[in-house]
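Data first, discussion second: the structure below is written as structure tokens.
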């Protein structure tokens, strides 16, 4: 099992999305929001946003449910990522919700 993690002021936080078999943290902004991807027990990949206050929020592009990866977030909460199965992937930008 792979785990995501955040090292924040000397405190190591392990990030395991609920029901996941694989969690990977890929991006972090200055507000402490972490983004990444996780795999569920069925083998589908979903993006996520994690904050210490709200925990995990799953992100799936409507055209890429089960193949979504979020790999960046800016300080306004705008997400970037991609979905699909190689060699056909599509990028996306998602705005704060």
**Study point:** Within region 83-97, tally of residues that are surrounded by fewer than 17 Cβ atoms within 10 Å (Cβ to Cβ) and part of a strand (DSSP E or B)
**Key:** 7
**Study point:** Top-ranked residue of region 19-37 - restricted to ones that are outside any strand (DSSP E or B) and touching a strand residue (DSSP E or B) at 6+ places or on another chain (Cβ under 6 Å), ranked as surrounded by the most Cβ atoms within 10 Å (Cβ to Cβ)
**Key:** 33
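In region 38-64, which residues are surrounded by fewer than 17 Cβ atoms within 10 Å (Cβ to Cβ) and closer than 17 Å to residue 22 by Cα? Lay out the reasoning, then the answer.
If we filter region 38-64 for residues that are surrounded by fewer than 17 Cβ atoms within 10 Å (Cβ to Cβ), which is where we start, we get 40-44, 51-55, 57-58, 62-63.
Once the filter is applied, which keeps residues that are surrounded by fewer than 17 Cβ atoms within 10 Å (Cβ to Cβ) and closer than 17 Å to residue 22 by Cα, region 38-64 yields 40, 41, 42, 43, 44, 55, 57, 58.
For region 2-11, indicate whether the set of residues that are at pLDDT 95 or above and buried (at least 19 other Cβ atoms within 10 Å of the Cβ) is non-empty.
Scanning region 2-11, I find no residue that is at pLDDT 95 or above and buried (at least 19 other Cβ atoms within 10 Å of the Cβ), so the answer is no.
The values are calculated or read from the model by the stated rules, or taken from the named source; none is laboratory data. It should be emphasised that the depicted structure is a prediction, and the values quoted were computed from it without experimental measurement. Quick reminder, even Gly has a Cβ in these numbers, built from the backbone with ideal geometry, and neighbours come from all protein chains shown.
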